[in-house]
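K.L.:
Next up is a structure, given as structure tokens.
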Amino acid sequence: MVIVMKNQLQLRLLRRKIWASFGRFVAIVLIIMLGVLLFVGIKSSGPDLYHNATNFLKAQKARDIQIISSTGLTDQDLKLAKKVTGAQVEGSEFVYGTTTKNSDTIQVFSYRRSAQLNQLKLTKGRLPKQTSELVLDDLARKQGYQLGQTIKIANRQLRRQTYQIVGFAISPQFVNKATRGTSNVGDGTIDYFAYTNQANFKASVYSQISIRFAKLQSLNSYGTAYQDKSEQKVKQLKQAFKGRAKQRDQELKATALKSINQQQALLNTAKKQLAAAKQQVSAASQGQMTTTPKITAQETKLKQAQAKIDAAKAKVAELTPTTFYYNERSDLPGFTDYGNLAERIAAIANVFPLIFFLIAILITFTTITRMVEEERTQIGTLKALGYTRWEIAQNYLLYALLAAVLGIIIGVIVGTNTLPQIVVSMMQTQYSYPPSPVGYDWPTIAIAIALSLFATLGAVVYVLTRQLHEKPAALMLPKAPKAGKRILLERFTPLWRRLSFNRKVSYRNLFRFKSRMWMGILGIAGGTGLILTGFGIRDSIDYSGQTQFKQIIQYQATISRKSDQQSAEQATKILTDDGQYRRHLPVDLQMVKLTKGKQTVDEVSQYVTDQPVKLRQYIKLSQALPKDGAILSQKAAQLLDVKKGDTVQVQDANHHRYKVKVSGITENYAGHFIYLQQAYYQHLRPEQYAATTWLTKLKPQTKSQEKKLARRLLGTKEVVNVAYMSTQIDAVDQQTASLRPIVLIFIVLSGLLSFVVLYNLTNINVSERIRELSTIKVLGFFDNEVTMYIVRENIVLTLFGIIVGLGFGNLLTLFILHQAETSVMVFPLIISATGYLTAIVMTILFTVIVMVVTHFHLKHVDMIEALKANE
């Protein structure tokens, strides 16, 4: 009976405690909820992005490795690929063609119903059944193509040119919705892909071999485990294909020579017949006439035929050696960009939400601690009535547990079902991976639960452990007020004398309760810093892309020629006659690998020029190009741990190695670059300089103008590729735009946390000093004066909090950007004036709102009730 009564009393006290300070209870729930929501939601976004990609690639049976040969692939190559353990192998054809109506470049793939790999995902219509049908890229549907429409594709390697569109689809071979790769026809870029019946292809060899390994499908395609295993499979394939290139060359030569030898045999027979005819004519004429016009004509024809056969034999001897290329998933158009963006989001998620949550925990811990300390009289009374320590603690533990559980449940559900979906849907506008069902990230949720319970239950246990060791008589007395003492400001007598009484009281109270002061400053600084960090992430990432492609790289296109010795008269004339052309600079551009010690940087763009002064008009460099050294981009220098004066080893595409002195390091934010003068380069690599790339400056162009110019240049057969910087700028802009919703979420939630923290700290301050406030109210202070008694302290705390918060925001932004950097990207610390202004204004606005709420609360304080106390 006594136990039941005690339990009923505890429950009644719990209800009263919640209703009596409902605002504080809600504030605790909100703080926990916001912390859990952002922590779980954003932390889950990275795994969800990888999960969606892995599920899509697995469902569509995307290839792990692709083999392409410069001379085509045969059934023998399929057999070799199948020798690798666990390999599922398929061969297919593709060609590049252009539409006759609007000159779109289309990569046409062969379609077989029996095919298992690289399966299409239909978005509309159906798959092709007849040879006259094709399935087109879903991107084309968004650009105006329709079902039932007839499309004409010009390519001699196809048996037919005209097709009917029967469906639209997305393909696992094209991850980015806007990027389809490059080609050597049209304007140099692929606009769309298409699939049509395999019978439409004239080729007797495969264009590619796709290989899939079942054991790799459970791994994250962007994870290091998958990449390591994929590279192992590539090594096994290379081992299986060892010697195959020479064998393939012999096959091609044998096939070509077989036909030539047959023609030679026929020609030899014709020569014998002609010789016999000449003998007959000579015998008939008794040596007077050995030839006739007919015989002369035949001799001429035979000589011409022999010349053709000799030329054909020479061509066979000069056949380009077979080269096999092994492409992994990371080589798919847009695949790496998606991984880099997901990695960047995950890196940001590893820092920002954690800091956010720690601030929430700090405020929650303080709130719970002070709540328990306020009720020391009630604790002493219960202890005097015979309640055990556990029975007393239950009431506060239940209060803390209830607030924590509500905050955790709401935070987990809302965070898991909203933030990852926002991030995924944002990525869907740029990438082909469809969303998968919502999954709860239980390890992250477990961390959030542990931290939330520590902030609530931990605070209760911490305070009660101290309180319950005191005697009931001591607990039932109000806690002795902290002794006052002179503060530093009082030592500046001229200034102190000019302060009003109310101001002196406020400043003394601030320094008298230092823990309250620091908690207020830290809480406000945390909110301000988080808001500023959101803007800093946005501004810094946006600045790196804009600076790289608009300030550092100052040319608008690169034009690649076939050979440095080949005439480029047509291409030059087309370029100079174009109204948008300004000027161009020929350079030797190739991809190299840099090494220093054990450190290696791949895919470094090496620029070699014989006009170093002009190069700086096309690329912004930190210094003039040295005569006996190279200039290296900053990220490559950082990865290699290279300083000015050091030496690095360069390895070119032909595996030739040479050492280069680093004479300077230049600002750069995307990619790796190294710049050399021609004379220095030829000293290292004699006779290797070939200025086959033109860095081209153009006036602003539309996309159609770019396409038109590229098409005309490629049509000369002197140019092999035209690449516009606008394409890369668009890609950077898309990635920056993809991060903006996340940054907006950070800013909004940080602002909300800042407001709740301000309100909560003010509420604690008022509740702790309610007797003091009631006393000055009884003494005749007006309502506005009573409010300012508290608000004046808040204003000072807010000002200091803003100052500390701005510094904290800069440090946090710098740390997050460092975590978000990739091996090819650098993000400088850039925060716009808008970011600073918004963070300051939002914090001040929240302070004003809290001031207004506090004012109305203090106007309705029951002074008599507040002044009651057991002395």
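The values are calculated or read from the model by the stated rules, or taken from the named source; none is laboratory data. Computed from a predicted structure; not experimentally measured. In this analysis, Cβ positions are derived from the backbone assuming ideal geometry, glycine residues included, and neighbour counts consider all displayed protein chains.
K.L.:
Of these, M517, M591, which one is touching an Asp or Glu at 6+ places or on another chain (Cβ under 9 Å) and closer than 30 Å to V850 by Cα?
P.N.:
M517
K.L.:
Do you know which residues across segment 580-616 are assigned to a loop (DSSP other than H, G, I, E, B) and at negative phi? I'd like the intermediate steps shown before the answer.
P.N.:
To start, the set of residues in segment 580-616 that are assigned to a loop (DSSP other than H, G, I, E, B) comprises 580, 597-598, 610-611.
Matches in segment 580-616: Q580, K598, D610, Q611.
K.L.:
Pairs under 7 Å by beta carbon, first residue closer than 18 Å to G751 by Cβ and among the small types (G, A, S) in segment 354-365, partner surrounded by 24 or more Cβ atoms within 10 Å (Cβ to Cβ) and at pLDDT 80 or above, six or more apart or different chains?
P.N.:
Final answer for the pair search is A360/I31; A360/I32; A360/L34; A360/G35.
K.L.:
Quick check: is even one residue across segment 330-349 under 19 Å from T736 (Cβ atoms) and either touching a His at 6+ places or on another chain (Cβ under 8 Å) or free of Cβ contacts under 8 Å to residues at least 60 places away in the same chain (or both)? Let's see the steps before the verdict.
P.N.:
We begin by selecting, within segment 330-349, every residue under 19 Å from T736 (Cβ atoms); these are 334, 336-349.
With the extra rule that they be either touching a His at 6+ places or on another chain (Cβ under 8 Å) or free of Cβ contacts under 8 Å to residues at least 60 places away in the same chain (or both), the set shrinks to 336.
Yes - at least one qualifying residue is present in segment 330-349.
K.L.:
Here is a follow-up. Suppose we filter Q161, Q157, Q107, Q149 for residues that are crowded, with 18+ Cβ neighbours inside 10 Å and outside the structural domain of L709 (by TED's automatic domain parsing); which single one remains?
P.N.:
After applying the criteria, what remains is Q107.
K.L.:
Being more than 16 Å from F535 (Cα to Cα) and crowded, with 20+ Cβ neighbours inside 10 Å is the filter here, so list the residues in segment 829-850 that pass it. Quick ask: steps written out before the conclusion?
P.N.:
First, pick out the residues of segment 829-850 that are more than 16 Å from F535 (Cα to Cα): 844-850.
Hits for segment 829-850 are F846, T847, V850.
K.L.:
Do we find a residue being farther than 30 Å from A670 by Cα and assigned to a loop (DSSP other than H, G, I, E, B) anywhere in segment 782-802?
P.N.:
Yes, that holds for at least one residue.
The rows are residues; the columns are (1) of a type in the set (D, E); (2) surrounded by fewer than 21 Cβ atoms within 10 Å (Cβ to Cβ); (3) in contact with a helix residue (DSSP H, G or I) (Cβ under 6 Å, 6 or more places away or on another chain); (4) over 20 Å from P434 (Cα atoms).
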{"position": "F39", "(1), (2), (3), (4)": "no, no, yes, yes"}
{"position": "I42", "(1), (2), (3), (4)": "no, no, yes, no"}
{"position": "R63", "(1), (2), (3), (4)": "no, no, no, no"}
{"position": "T74", "(1), (2), (3), (4)": "no, yes, no, yes"}
{"position": "K83", "(1), (2), (3), (4)": "no, yes, yes, yes"}
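K.L.:
Can you tell me which residue is surrounded by the most Cβ atoms within 10 Å (Cβ to Cβ) among those in segment 815-828 that are in contact (Cβ under 8 Å) with a residue 24 or more places away in the chain and assigned to a helix (DSSP H, G or I)?
P.N.:
Taking the candidates together, the pick is L817.
K.L.:
Among the residues of segment 666-688, what is the count of those that are under 30 Å from I541 (Cα atoms) and of a type outside the set (S, T, N, Q)?
P.N.:
Within segment 666-688, residues that are under 30 Å from I541 (Cα atoms) and of a type outside the set (S, T, N, Q) number 9.
K.L.:
Same structure, new question: Pick out the one residue from S114, S92, S70, S132 that is of a type in the set (G, A, S) and free of Cβ contacts under 8 Å to residues at least 12 places away in the same chain. Please lay out each step first, then the result.
P.N.:
Numbers: S92 fails: free of Cβ contacts under 8 Å to residues at least 12 places away in the same chain; S70 fails: free of Cβ contacts under 8 Å to residues at least 12 places away in the same chain; S132 fails: free of Cβ contacts under 8 Å to residues at least 12 places away in the same chain.
Unique residue meeting the criteria: S114.
K.L.:
To continue, here is another question. Please verify whether F746 is in a helix (DSSP H, G or I) and modelled with pLDDT of 75 or more, treating the condition exactly as stated.
P.N.:
yes
K.L.:
In addition: Note down all Cβ pairs under 6 Å where the first residue falls in segment 380-392 and is touching a residue at least 12 places away in the same chain (Cβ under 8 Å), the second is not in a helix (DSSP H, G or I), and they're at least six residues apart or on different chains.
P.N.:
Every condition considered, the pairs that remain are R389/L468.
K.L.:
Considering only segment 712-743, state which residues are of a type in the set (A, V, I, L, M), more than 16 Å from G835 (Cβ to Cβ) and part of a helix (DSSP H, G or I).
P.N.:
Kept after step one, since they are of a type in the set (A, V, I, L, M), are these residues of segment 712-743: 713-714, 719-720, 722-723, 725, 729, 731-732, 737, 739, 742-743.
With the extra rule that they be more than 16 Å from G835 (Cβ to Cβ), the set shrinks to 713-714, 719-720, 722-723, 725, 729, 731-732, 737.
Answer for segment 712-743, where residues must be of a type in the set (A, V, I, L, M), more than 16 Å from G835 (Cβ to Cβ) and part of a helix (DSSP H, G or I): L713, L714, M725, I729, A731, V732, A737.
K.L.:
When you check S605 against the structure, is it crowded, with 20+ Cβ neighbours inside 10 Å and of a type in the set (S, T, N, Q), yes or no?
P.N.:
no
Yes or no, residue by residue, for (1) surrounded by fewer than 20 Cβ atoms within 10 Å (Cβ to Cβ); (2) under 23 Å from A360 (Cβ atoms); (3) in contact with a helix residue (DSSP H, G or I) (Cβ under 6 Å, 6 or more places away or on another chain); (4) without any contact (Cβ under 8 Å) to a residue 24 or more places away in the chain:
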| residue | (1), (2), (3), (4) |
| --- | --- |
| A723 | yes, no, no, no |
| I729 | yes, no, yes, no |
| D733 | yes, no, no, no |
| S750 | no, yes, yes, no |
| S767 | yes, yes, no, no |
| D783 | yes, no, yes, no |
| F800 | yes, yes, yes, no |
| V804 | yes, yes, yes, no |
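K.L.:
For segment 74-127, how many residues meet the condition of being of a type in the set (V, I, T) and either in contact with a His (Cβ under 7 Å, 6 or more places away or on another chain) or farther than 30 Å from R141 by Cα (or both)?
P.N.:
Counting residues in segment 74-127 that are of a type in the set (V, I, T) and either in contact with a His (Cβ under 7 Å, 6 or more places away or on another chain) or farther than 30 Å from R141 by Cα (or both) gives 4.
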